[in-house]
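Trainee: Handing you this structure, nothing more for now.
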Amino acid sequence: MSQKEKTLTPKLIKKLWLAFILLVFLMGASYIFITGYFANKYSQETTQRLNADIAHHVIAEKFKDASPFLEDGSVNKPLFGDLMHDMMAVNQSIEVYLLNETGEVLYSVVLDHGDKSSIKSVSLTPIEFFIKNKGERFVLGDDPRNIGEQKIFSAAPYSVDGRDGYVYIVLAGKKFEEVSDNLLNQYFTKLGIGATMLTMLFSLIIGLLAIWFLTKNLRLITKTVRKFHDGDLQARIANPENSDIEVFAKSFNEMADSIVGNMDKMQSVDLLRRELIANVSHDLRTPLAILKGYIETLQIKNDTLSEEQKQEYLQITHDNVDKLSNLINQLFEYSKLEAEQVTPVKEPFSITELSHDLIAKFRVIAEKKQIDLQLDNPEENCMVFADVSLVERALQNLIENALKYTQANGKVTLSLQKKGKNVEINITDTGTGIAVNEQPFIFDRYKQVDKSAKKQGYGLGLAIVKKIMDLHDTTITVLSKPKEGSSFIFHLPAYQV
Ligand code: ADP
């Protein structure tokens, strides 16, 4: 049971956890990187701001009594030696440089003057920027000891004995870097562990909450699916639009609806089939019984029957064989249409010509019954786009019915009329008409098995007509008044020549 209750598979849980661990490490690493970067910047900016005036101070204090240059123009090395040793004694991380006005390094204790490869001049742009902003804006300058490296500094201009230049003090010299690297490494380790632990903790909480929220909906859906699977066909996810996985919830509900719809359809088709079989066997039985009866009479009473009687019986047998074959043909046709085995082959043809042919064909029957059969065709030639043999079949059934249900001296009219993009076909008779309550069902005779009283036909003719209309994406309407007559009307798309 507990196995059944699980919503997520162990495989999915494993994947989710792996994704979480990866996420934690990525977050931890980016956290450390970002913190390290900003901590470093923060420390540099603070040091620069705090020591912004140091170069000014050097000039004001040390150049007051002694010139930085000797009379021969060379650098006053003893003065600088003292100055730098004084300063470095207080703060070992600073390095003092004397620059001329082009940024060339004239002297420094820390620089190895013999080393030709070491940088001898620095860019003046950051120095000028620094002086202009009075050291209040963060800027990095060249490190004379390491080509390409940038350091925080303090700088101030001097003008002594007609010589201009700058005192340039690197605030985070080699010593600062050593200490800072060491500290940073320690902090990084601590920070890394702390950050990773914290991130892990938060991710775990968020992850668990996320899984819980996600599976909350999944659990509900799984429960509903199981209910549906166990036979509760009404099981649906309530308020799917409020679900976090709305599309999934809606899809399930739609799927359940269509499954139930299909099941209903299948059940009704099944019911229809059973009704059809019941009706067919009933319809076949009657003419067969008549046939059997007359054949038996002919066999038993062959010697006693007059020639006239024999002929009469044979005629009845013949008529019933006709009826039977007619019924079988209709059944065959209907079942083919119902099984959707018939594909209409649509083409342009003259419905006027077809109507003329049909009227000519039925005229003999009409005359026999003394019915006036007319074609009312005000248009010269109506062309339609449809399956000619299927339309012929439909018209045939409708004319047959009109003639069948119309008494002597009645009238049957087939009229064609162009209406917009369609041709309206109307078969009107002055026959018995159809009761209003029966009208909705005449096209589905087999659905009306219990209600329909025994009629003259088998009730397949109009069902076939309806199927033909469906194949042409059109509908047929019946207008009828009992004792006055009926009209069957349908439309076919007109073909423009
Ligand atoms: P049937 O073989 O019984 O004529 P149809 O499917 O052709 O079967 O018609 C179904 C029923 O509709 C008929 O039994 C009849 O009651 C009624 N019907 C059809 N056409 C007409 C009509 N022109 N006038 C009166 N009733 C009609």
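Derivation of every value follows stated rules applied to the coordinates shown; laboratory data play no part. Quick caveat, the model's predicted, so the values are computed rather than measured. Here Cβ is always computed from backbone atoms with ideal geometry, including for glycine, and neighbour counts include all displayed protein chains.
Trainee: Could you give the length gained on full extension between residue 229 and residue 329, defined as 0.36 nm per residue of separation minus the Cα-Cα distance, in nm? It would help to have the intermediate numbers written out before the result.
Mentor: Numbers: separation 100, 0.36 × 100 = 36.00 nm, distance 4.41 nm.
Roughly 31.6 nm would be gained on extension.
Trainee: Further question on the same structure: Under the 0.36 nm per residue contour assumption, what length would be gained going from the current alpha-carbon distance of residue 487 and residue 57 to full extension?
Mentor: On the way: separation 430, 0.36 × 430 = 154.80 nm, distance 11.72 nm.
Length gained, residue 487 through residue 57: 143.1 nm.
Trainee: Right, another one. Using alpha carbon centroids, what distance separates the range 163-241 and the range 297-358, in Å?
Mentor: Value for the Cα centre distance between the two parts: 83 Å.
Trainee: Taking the alpha-carbon set of the chain, what are its Rg and Dmax in Å?
Mentor: 53.3, 171
Trainee: Given 37 °C and 0.692 mPa s, compute D for the range 246-335 with the Stokes-Einstein relation, Rh being the Kirkwood radius over Cα pairs; round to the nearest whole µm²/s.
Mentor: Working: Rh = 17.1 Å.
Answer, rounded: 192 µm²/s.
Trainee: Put one equal scatterer on each alpha carbon of the range 345-493, apply the Debye formula with no solvent term, and list log10 I(q)/I(0) at q = 0.21 1/Å to two decimals.
Mentor: Reported log10 I(q)/I(0), two decimals: -1.43.
Trainee: Now a separate question. Net charge near residue 240: determine it from the other residues with C-beta under 11 Å of the C-beta of residue 240, scoring Lys and Arg +1 and Asp and Glu -1.
Mentor: -2
Trainee: Calculate, for residue 345 and residue 496, the FRET efficiency according to 1/(1 + (r/R0)^6) with r their C-beta to C-beta distance and R0 22 Å; round to the nearest 0.05. Please list the in-between numbers first.
Mentor: Values: r = 20 Å, r/R0 = 0.90.
Plugging the Cβ-Cβ distance into 1/(1 + (r/R0)^6) gives 0.65.
Trainee: Could I ask something else about it? What residue among 59, 165, 131 has its Cα farthest toward the positive end of the dipole of the chain, where the charges are +1 on Lys, Arg and -1 on Asp, Glu, each on the Cβ?
Mentor: Going by the charge dipole, the pick is 131.
Trainee: Here are some pairs, 323/404; 14/227; 15/227; 346/419; which of them have Cα atoms lying more than 24 Å apart in this structure? Numbers along the way, then the final one.
Mentor: Details: 323/404 14 Å; 14/227 28 Å; 15/227 28 Å; 346/419 20 Å.
Listed pairs above 24 Å: 14/227; 15/227.
Trainee: Cβ neighbours within 10 Å, averaged per peptide: list 323-334, 62-73 in order, most packed at the top.
Mentor: Working: 323-334: 15.4, 62-73: 12.7.
Descending packing order for the listed peptides: 323-334, 62-73.
Trainee: Determine the gain in length on full extension of the stretch residue 353-residue 160; use 0.36 nm per residue of separation and subtract their C-alpha separation, reporting nm with one decimal. Display every interim value, and only then the final one.
Mentor: On the way: separation 193, 0.36 × 193 = 69.48 nm, distance 12.31 nm.
Additional length available on full extension: 57.2 nm.
Trainee: A further question on this structure: Using a 7 Å offset from the Cα along the Cα-to-Cβ direction at both residue 214 and residue 286, what is the distance between the two label points in nm, to one decimal?
Mentor: Each label point is offset 7 Å from its Cα along the Cβ direction, giving 6.9 nm.
Trainee: What residues qualify as long-range amide H neighbours of residue 75, i.e. H under 5 Å apart, gap of 5 or more or another chain, H built at 1.01 Å from N?
Mentor: 70
Trainee: Contact order normalised by length for the range 52-172, with contacts defined as Cα pairs under 8 Å and 6 or more residues apart; what percent is it? Write out the running numbers ahead of the final one.
Mentor: Numbers: 198 pairs, mean separation 36.6, N = 121.
This gives 30 percent for the range 52-172.
Trainee: Helix hunt in the chain: which complete DSSP H runs extend at least 27 Å axially by C-alpha with mean Kyte-Doolittle at least -0.5? Write down the numbers at each step before the final one.
Mentor: Numbers: long enough: 10-50 (59 Å, 0.54); 174-229 (76 Å, 0.44); 246-300 (79 Å, 0.04); 307-338 (46 Å, -1.06).
Flagged H segments are 10-50, 174-229, 246-300.
Trainee: With only Lys, Arg, Asp and Glu charged, each at its Cβ (+1 for the first two, -1 for the last two), find how big the charge dipole of the chain is about the Cα centre; round to the nearest 20 debye. Numbers along the way, then the final one.
Mentor: Details: 57 positive and 64 negative charges, 427 e Å.
The calculation lands at about 2060 debye.
Trainee: At what distance in nm do the modelled label points of residue 369 and residue 30 sit from each other, each positioned 7 Å from its Cα along Cα→Cβ?
Mentor: Each label point lies 7 Å from its Cα, and together they span 8.6 nm.
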